[in-house]
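Enquirer: Quick one: this structure, given as structure tokens, is what I'll be asking you about.
The values are calculated or read from the model by the stated rules, or taken from the named source; none is laboratory data. None of the values given here were measured: they were computed from a predicted structure. No Cβ is skipped: glycine too gets one built from the backbone with ideal geometry, and neighbour counts run over all protein chains shown. These accessible areas exclude ligands, DNA and RNA; they are computed on the full protein's heavy atoms, side chains included. Shrake-Rupley method; radii C 1.70, N 1.55, O 1.52, S 1.80 Å.
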There are 2 protein chains.
Amino acid sequence: MTPAPVDHDERRARLTEVLLDVVAEGGLEAATIRTVAAAAGVSIGTVQHYFKTKDDMLGHAYRTVGQEIGDRAEQQAEGATSWKEAIRAILLELLPLDERRAKGYRVSVAFASRATWNPELGAELRKDLKELQDIFVDMLQQAGVPDAEREATTLLALNAGLAEPLIYGDGTPEQVVAALDAYLDRVF
Amino acid sequence: MTPAPVDHDERRARLTEVLLDVVAEGGLEAATIRTVAAAAGVSIGTVQHYFKTKDDMLGHAYRTVGQEIGDRAEQQAEGATSWKEAIRAILLELLPLDERRAKGYRVSVAFASRATWNPELGAELRKDLKELQDIFVDMLQQAGVPDAEREATTLLALNAGLAEPLIYGDGTPEQVVAALDAYLDRVF
């Protein structure tokens, strides 16, 4: 009997899940190759086979989370019957309204925190923020909202800031969504 | 000749400045008792005399930055001739519009990032956010703005989010202040 072939994508995905848990529980500093290996029950060498460095590992987790959010946001937006509804659907996906997204949010904050001094991560984050801004400018223009560039900045800033009462404060999902809705009603 | 007495407050303040630099340059992970001692040109024991742990050190830096922002915001608000002007002045102090505040912002992000899993830091951050929210609710009520509670949430979220294009993106201070002003014009 030959051993089952290793599914590398599956293994990498599993290690990424473990990293999300480790960051959620102990922050970025807890997330070393060693702690992820221990939490996943594999050797350090196995983790290093998939991720050369901590930044490698963090970058992959950040991209995985981003991809998930992007895919779900796209699905939601496709079912929308107005620009306002599409924009709202995407903004809600970006908010840490459930445990899964809260985990993703913590990894993104960890990534952003490292990006303030690591130029490579900084460039990646800048590119992603620019892409999101461009998508919103485009949607707002198509929706006929005046000064779409500034409105996109405001809307994305508001949404980013609304994560704070959820993660650090006493904000409930209901309050946060109500604040977003009140703002969207002003824009549209 | 007897040696000059040690000014402990001065020394603690100097170590805090060094910590702000270390965090700005290398992130929270670089900010160990050891690296701060090396950067300050003092012994590890000296740093430990003032800060028992890394969290101690980070907490003190966070509070120093918060105190500075609070003092300046109060000064600015006192000179204001309307509630709108007072609120705007405080919000501008909270934004990382210059190098000093950008350094403070990085320490606050580092603190917030640790606060996602350290309950003690989490409680402190929650208390501070609540205090800020209460101040804004009070000012907005006095200004006669309807639904002051929700408006305070929205305004503070927007302001928090507007730091992102400044720190991580391509946003200029002019763009960010313009977005804030456009929003304030809607509120008042």
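Enquirer: In debye, nearest 20: dipole of the stretch A:24-168 around its Cα centre with unit charges on the Cβ of K, R (+) and D, E (-)?
Expert: 480
Enquirer: On to the next question. How about the stretch A:95-155: which chymotrypsin sites (Phe, Trp or Tyr not before Pro) there are in a DSSP loop, with at most 14 other Cβ atoms within 10 Å of their Cβ?
Expert: Of the chymotrypsin sites (Phe, Trp or Tyr not before Pro), not one in the loops of the stretch A:95-155 has a Cβ with at most 14 other Cβ atoms within 10 Å.
Enquirer: Another question, if that's okay. Would you kindly compute the Cα radius of gyration of the protein assembly as shown and its largest Cα-Cα separation (Dmax), both in Å?
Expert: When restricted to Cα atoms, the protein assembly as shown yields Rg and Dmax of 22.2, 86 Å.
Enquirer: How far is A:His49 from the same spot in each other copy, in nm, shortest first, if each label point sits 7 Å from Cα toward Cβ?
Expert: Spelled out, the distances from A:His49's label point are 5.2 nm.
Enquirer: Could you work out how far helix B:8-30 tilts from the main Cα principal axis of chain B, as a 0 to 90 degree angle to the nearest 10?
Expert: Roughly 70 degrees between the two axes.
Enquirer: What are the semi-axes of the equivalent ellipsoid for the stretch B:115-188, taken as the square roots of 5 times the Cα gyration tensor eigenvalues, largest first, in whole Å?
Expert: Ellipsoid semi-axes (Å, largest first): 23, 21, 7.
Enquirer: Right, next: How high is the relative contact order of the stretch A:1-153, given as a whole-number percent (alpha carbon pairs under 8 Å, six or more residues apart)?
Expert: 19
Enquirer: Separate question: Taking the stretch B:8-187, how many lysine pairs are there with alpha carbons less than 25 Å apart, if each pair must be eight or more places apart or span two chains?
Expert: 8
Enquirer: Any idea what Rg and Dmax come out to for the stretch B:53-127 if you just take the C-alpha atoms, in Å?
Expert: Expressed in Å, the Cα Rg and Dmax of the stretch B:53-127 come to 13.9, 44.
Enquirer: Here's something else I'd like to know. Shape of the stretch B:37-89 from its Cα gyration tensor (a ≥ b ≥ c, root eigenvalues): rounded if a/c is under 1.5, otherwise prolate when a/b > b/c, or oblate?
Expert: Judged from the Cα gyration tensor, the stretch B:37-89 comes out prolate (a/c at least 1.5, a/b above b/c).
Enquirer: In deg cm²/dmol and to the nearest 500, what is the mean residue ellipticity at 222 nm of the protein assembly as shown if only DSSP H runs of at least 4 residues count, each as -39500 (n - 2.57), divided by the residue total?
Expert: -27000 deg cm²/dmol
Enquirer: Continuing with the same structure: So the label point sits 7 Å from Cα along the Cα-to-Cβ vector; using that for B:Glu99, what distances do you get to the other copies, in nanometres, sorted shortest first?
Expert: Distances between equivalent label points, in nm: 4.6.
Enquirer: Separate question: Please determine, in degrees from 0 to 90 and to the nearest 10, the orientation of helix A:119-142 with respect to the longest principal axis defined by the Cα atoms of chain A, where the helix direction is its Cα long axis.
Expert: Its long axis makes an angle of about 30 degrees.
Enquirer: About its Cα centre, what dipole magnitude does the stretch B:95-151 give when the only charges are +1 on Lys and Arg Cβ and -1 on Asp and Glu Cβ, stated in debye to the nearest 20?
Expert: About 380 debye.
Enquirer: Another question, then. If I histogram all Cα-Cα distances within chain A using bins 10 Å wide from 0, what percent of pairs lands in each bin?
Expert: Percent of pairs per bin, in order: 8, 32, 32, 18, 8, 2, 0.
Enquirer: Here's another thing I want to ask about it. Any chance you could check the Cα centroid distance between the stretch A:110-167 and the stretch A:8-63 for me, in angstrom?
Expert: Taking the Cα centre of the stretch A:8-63 as reference, the centre of the stretch A:110-167 is 27 Å away.
Enquirer: Rolling a 1.4 angstrom probe over the protein chains, ignoring ligands and nucleic acids, what is the accessible area of A:Arg12 in square angstrom, nearest 10?
Expert: Result for A:Arg12: roughly 80 Å² accessible.
Enquirer: Related question: Scan chain A for the residue whose Cβ is closest to the axis carrying it onto chain B, then write down that distance in whole angstrom.
Expert: A:Gly161, 2
Enquirer: So, with +1 on the Cβ of K and R and -1 on the Cβ of D and E, and no other charges, what is the size of the charge dipole of the protein assembly as shown about its Cα centre, to the nearest 20 debye?
Expert: 1140
Enquirer: Would you look at the GNM of chain B, springs on alpha carbons closer than 10 Å, and say which of B:Ala31, B:Ala110, B:Ala39 moves the most?
Expert: Comparing B:Ala31, B:Ala110, B:Ala39 in a Gaussian network model of chain B, the most mobile one is B:Ala39.
Enquirer: Helix B:54-78 versus the longest principal axis of chain B: what is the Cα-based angle in degrees, 0 to 90, to the nearest 10?
Expert: The answer is roughly 40 degrees.
Enquirer: Go through A:Ser82, A:Tyr62, A:Gln142 and say which Cα lies farthest out towards the positive end of the charge dipole of chain A; charges sit on Cβ, +1 for Lys and Arg, -1 for Asp and Glu.
Expert: A:Tyr62
Enquirer: On to the next question. What trypsin sites (Lys or Arg not before Pro) does the stretch A:30-87 have in DSSP loop regions with at most 14 other beta carbons within 10 Å?
Expert: A:Lys52
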